[in-house]
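Data block below; observations after.
The values are calculated or read from the model by the stated rules, or taken from the named source; none is laboratory data. Keep in mind that what you see is a predicted model, and the values were worked out from it rather than measured. Quick reminder, even Gly has a Cβ in these numbers, built from the backbone with ideal geometry, and neighbours come from all protein chains shown. Ligands, DNA and RNA are excluded from the accessible area calculation, which covers all protein heavy atoms including side chains. Shrake-Rupley method; radii C 1.70, N 1.55, O 1.52, S 1.80 Å.
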Amino acid sequence: MSLKLSEIDRGKLTPMMQQYLEQKDLWPDCLLFFRLGDFYEMFFDDAVIASRELELTLTGRDCGFPERAPMCGVPYHAAESYINRLVGRGYKVAICEQVEDPALAKGIVKREVVRVATPGTVTGGTNFDETKNHYLVSIYADGGYFGLAAADLGTGMFEATELIMGHPRDRLVDEVCRYDPAEVICNPAFFDDVAREMVSNRQNAIFTIRPEDDFSRERTQVLNKEDVGPTDLKARAAAALYQYLSDTQKSVIGHLEPVRFYTLATTMGIDVNARRNLELTESYRERSRKGSLLWAVDRTRTAAGARLLRRFIEQPLIDVGEIRYRQEAVQEFKDRFMVRQELRETLTGLFDLERLSGKVSLGTANGRDLTALAKSLQILPALLSALDSVTAASIREKIADIDPEQDLADLISRAIHVDAPLTIKDGQLIADGFDSQVDQLRAAARDGKDWIIALEAREREQTGIRSLKIGYNKVFGFYFDVTRSNLPQVPPHFVRKQTLANAERYITDELKSMEDQILGAEQKLLQLEYEVFIRIRDQVLERVPALQRTARSLAWLDVVSSLAELADRENYCRPELDYSGALSISDGRHPVIEKVMGAGEFVPNDIQMDLDSQRFMILTGPNMAGKSTYMRQVALIVILAQIGSFVPARQATIGIVDKLFTRIGASDDLASGQSTFMVEMNEVAQILKEATPRSLLILDEIGRGTSTYDGLSIAWSVIEYISDRRNLGARSLFATHYHELTDLGSIMPGVFNCHVAVEEQGGEVVFLHRIEPGGSDDSYGIEVARLAGVPSEVVTRASELLSQLERENSGRERLKIRRNARPMDGQLDLFAAVQVNKEQDGLLSALADTDCSRLTPLDALNLLHDFSRQAQKMRGR
């Protein structure tokens with residue numbers, strides 16, 4: 001079976017195979033599921049791929065050539081699971097259905113692709129995570145600037161932005177990684193742009209190139225947005241995304257929300273490194289939800305609520321008014337335990353209204369989906385009753401958007417069978433008593449079976465053939481089955497229909513008449529039930545906008561009540577948010593580690609920072625003592641505060657952070673051939689380019705990836721640049737083992753020292769995990785190695801070598817830190833970082849005391865000559 005699609009002469013193919021290839025031509029980048037009877041079949045290259053990926057038996061089919069075409073197939077009723085498996089592995093699948101009744105067809109049955117499943121348009125499946133949005137992203141590139149749109153087909157979310165300020169490519173990567181799409185569509189210009197490689201290195205998604213025409217100005221008219229301009233990049237990306245969804249779903253995507261245009265400046269900027277290092281929604285190593293901030297704080301009761309909380313964490317607010325709007329709701333639910341508990345118990349019974357509405361709009365909702373929708377709507381009156389006494393304006397606004405839709409719930413409950421099947425064309429879909437025609441046909445089909453049983457008994461009695469029975473198959477319909485030993489007793493009115501090895505099959509006029517009535521009733525019943533169901537589903541479709549508003553409000557109530565539950569159970573406080581630049585936290589705790597350790601075991605710590613006298617903390621102390629935990633803890637508390645949550649602390653005042661950056665950890669980037677140090681420097685460069693005075697910077701061990709003096713010089717220079725208001729002046733936490741840098745705390749405005757407290761007990765080090773003022777002069781590296789389980793002989797030898805090195809260097813002075821009094825304008829400082837002894841210090845002092853304005857040319861020449869002799873003398877030593 002080596003026959004390939006590219007090798008065949010289509011003129012020699014059978015009509016069915018020609019029809020197959022006509023559809024395949026329309027969807028060349030898809031695996032084509034071609035409906036033949038009760039199976040979806042794949043042929044040629046598609047069959048080879050599908051058989052490998054789905055572990056199906058590869059067979060063959062006559063196609064008009066001597067050699068059979070490779071073929072494999074799956075049952076139509078189980079097709080979705082196979083489709084989802086293929087899509088999960090990055091394939092696109094075009095589903096080609098019979099679009100006319102075979103009984104009415106002249107010649108070959110007409111077939112067309114009715115839907116295309118792609119990684120970005122999947123809305124369900126075995127491994128589908130309902131607690132997160134599944135985005136399809138569209139990117140439009142134009143001269144180094146970008147439009148970006150994202151949509152979740154399952155929930156109807158639709159938003160777009162453009163990246164034209166600062167460093168557009170870097171910002172594009174951050175936004176795409178935030179959406180974490182499985183599929184990206186783009187114009188040809190983006191595919192050829194370096195930004196595409198940047199996104200590919202960070203995001204595991206397939207790229208689909210769409211025609212430039214899909215991104216045209218004319219296409220944006222479908223968005224119905226009055227504020228779309230002729231050069232609007234975000235609108236073009238959104239229009240192409242809408243077109244792609246329409247093409248793949250082969251329908252109008254009516255449940256998509258009107259596209260929401262947003263700007264990056266409306267939420268806290270968190271770049272891809274910070275999201276990864278802070279483990280906001282997944283752990284760094286296992287890439288699992290457990291161990292993340294989301295895992296630690298999520299108390300939601302619904303899938304929609306879980307999705308919304310994730311979006312809150314991914315996009316903290318920077319508007320104090322919006323934050324307090326959420327805080328107000330959290331506060332009321334925290335204070336009113338009984339109201340909160342009643343709400344949360346009610347929410348537990350809700351199905352996912354967002355996704356159910358999406359299924360209705362896409363025409364994929366079945367009877368069970370509508371039943372789930374009805375059950376959810378029936379719960380809403382009790383939910384509204386539970387909230388009747390709340391007073392917070394934010395909660396009241398959300399309640400106003402909830403429509404119980406009790407008439408719709410009643411319609412569905414009366415119409416849909418309580419045990420409706422998963423399919424909508426196999427009957428038992430409509431409840432008894434809802435439609436009189438359905439009831440009549442159902443009675444005819446049911447009574448027909450009784451007629452068959454009665455006829456069988458009567459003929460058995462009249463013929464005396466005790467083994468006589470009536471059978472059925474799709475080829476012959478109903479028939480009498482008579483074994484060979486009883487053939488002499490067959491009456492004259494029996495007409496032979498089929499001869500078998502051990503029996504004969506007969507029909508009678510009465511049996512055929514019954515068959516026509518029974519099968520006619522059953523076929524009509526199936527068709528009628530389907531039509532009635534579609535009519536009901538269309539009525540639900542008309543209410544989708546209202547259902548979506550209700551779903552969004554319920555998700556919001558779920559999130560804020562969840563945050564209230566968290567605050568109450570875990571002793572979180574309500575933070576004060578303002579624009580002061582303050583960062584004051586008392587007894588702050590790490591929300592994730594505290595959950596792992598258990599209540600009362602985590603050691604809390606304070607922080608006091610501002611934009612004036614304490615804006616740059618240099619944090620020293622041993623490895624494993626808790627420096628990184630402390631810095632991450634501060635960042636996570638800020639994020640929680642700015643999503644409107646209470647925070648794990650006794651008291652907190654947070655001056656709004658506009659962007660949050662981290663430089664934590666070290667690893668080679670093998671994909672792009674970058675060393676650990678190069679990765680580190682790239683991240684530092686990015687931070688220095690993007691940060692503002694309102695940003696929060698978390699910097700861990702800058703410069704450790706190179707030699708001691710190189711690393712120290714870089715770390716020193718970074719501190720100078722960031723702490724200097726003339727350059728940046730941002731709030732920063734800087735952990736280091738370069739203890740020389742602690743001198744900067746006494747000579748640079750805004751820089752201050754803290755360290756992790758350590759005690760030595762019985763010759764061993766005990767980490768107290770407390771952050772205290774002042775610097776540390778010891779890293780306790782050997783003690784940490786011992787605690788880590790390094791073999792004792794290695795630790796002992798290291799101690800001996802340390803003592804030897806300390807003796808040999810006891811006469812040398814520590815590197816002396818001097819402040820750079822100039823702004824960093826690119827001019828090199830001659831004395832920025834040199835090792836200074838007493839004679840050198842004297843030379844530098846003499847030079848500093850010289851008033852050049854009073855020197856005559858001869859005096860200046862003599863002084864320079866004197867300095868030169870002193871320098872040569874020092875070098876000679």
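Using 0.36 nm per residue of separation minus the Cα-Cα distance, give me the extension gain between Arg569 and Leu863 in nm, one decimal.
Net length gain for the segment: 98.4 nm.
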Review point. Volume per residue, Å³, of the convex hull around the alpha-carbon atoms of segment 72-174?
Key: 171 Å³
Revision key, fill the gap. Heavy-atom accessible area with a 1.4 angstrom probe orders His255, His865, His134, His77, most exposed first, as His77, His865, His134, His255
Check your understanding: Once you have the alpha carbon radius of gyration of segment 136-227, what is it after dividing by 2.2 N^0.38 Å, with N set to its residue count?
Key -> 1.03
Exercise for review: Give a residue-ordered list of calculated ³J(HN,Hα) values for segment 348-360 (Karplus: 6.51 cos²θ - 1.76 cosθ + 1.60, θ = phi - 60°; whole Hz; x for Gly, Pro).
Suggested key: 4, x, 7, 8, 7, 5, 4, 6, 5, 5, x, 5, 4
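Using a 1.4 Å probe, what is the accessible area per residue for the chain, in Å²?
Averaged over the residues of the chain, the accessible area is 47 Å².
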Review point. Where does the chain land at 222 nm, in deg cm²/dmol rounded to the nearest 500, when only DSSP H runs of n ≥ 4 count, each adding -39500 (n - 2.57), divided by all residues?
Key: -13500 deg cm²/dmol
Exercise for review: For segment 574-636, state the semi-axes of the equivalent ellipsoid (square roots of 5 times the eigenvalues of the alpha-carbon gyration tensor), sorted largest first and rounded to whole angstrom.
Suggested key: 22, 16, 8
Practice item. On the full set of protein chains, 1.4 Å probe, figure out the accessible area of Met624 and give it in Å² to the nearest 10. Key: 110 Å²
Exercise for review: Multiply the residue separation of Thr796 and Leu104 by 0.36 nm, subtract the distance between their alpha-carbon atoms, and state the gained length in nm to one decimal.
Suggested key: 240.0 nm
Review point. In nm, to one decimal, how far is the Phe65 label point from the Phe128 one, both placed 7 Å along Cα→Cβ?
Key: 3.7 nm
Review point. For labels at Tyr145 and Glu760 in the simple 7 Å Cα→Cβ model, what's the distance in nm?
Key: 6.3 nm
Practice item. Give, in nm to one decimal, the length gained when the segment between Arg396 and Leu26 is fully stretched (0.36 nm per residue of separation minus the Cα-Cα distance). Key: 128.0 nm
**Study point:** Cα→Cβ-extended label distance, 7 Å offset, between Thr850 and Thr348, nm
**Key:** 8.3 nm
Study note, to complete from the structure: Karplus ³J(HN,Hα) for segment 205-213 (6.51 cos²θ - 1.76 cosθ + 1.60, θ = phi - 60°; Hz, whole; x = Gly/Pro) runs 9, 8, 10, 10, 7, 10, x, 4, 4
Review point. For Lys659, which lysines qualify as cross-link partners when the Cα separation must be under 20 Å and same-chain residues fewer than eight apart are set aside?
Key: Lys689
Review point. At a probe size of 1.4 Å, how large is the accessible area of Trp27, to the nearest 10 Å²?
Key: 50 Å²
Point to revise | Principal axis dimensions, segment 374-431 - Cα atoms, whole angstrom, descending | key: 50, 15, 15
Check your understanding: By accessible area of protein heavy atoms, probe 1.4 Å, what ranking do Leu802, Leu26 get, highest first?
Key -> Leu26, Leu802
Study note, to complete from the structure: Of the accessible area of the chain, computed with a 1.4 Å probe and all protein chains kept, carbon and sulfur make up a percent value of 50 percent
Point to revise | Under the Karplus curve 6.51 cos²θ - 1.76 cosθ + 1.60, θ = phi - 60°, whole-Hz ³J(HN,Hα) for segment 268-281, x wherever Gly or Pro sits | key: 4, x, 10, 6, 4, 5, 5, 4, 6, 5, 8, 6, 5, 10
Review point. Given the protein chains as shown and a 1.4 Å probe, how many square angstrom of Glu522 are accessible, to the nearest 10?
Key: 60 Å²
Practice item. Enumerate the amide H contacts of Phe261 below 5 Å, restricted to partners 5 or more residues apart or on another chain; note that Pro and chain-start residues carry no placed amide H. Key: Ala160
Review point. Out of residues 5 or more away from Asn753 or on other chains, whose amide H comes under 5 Å of its own, with H placed 1.01 Å from N in the peptide plane?
Key: Ile618, Gly774
Exercise for review: Provide the percentage of antiparallel DSSP beta bridges, counting only those with both residues in the chain; round to the nearest 5.
Suggested key: 65 percent
Review point. Which of the residue pairs Lys132/Lys359; Lys595/Lys627; Lys449/Lys524; Lys375/Lys524 have a Cα-Cα distance greater than 26 Å in the structure shown?
Key: Lys375/Lys524
Review point. Would you list Val794, Val259, Val603 from the most to the least accessible area, probe 1.4 Å?
Key: Val794, Val603, Val259
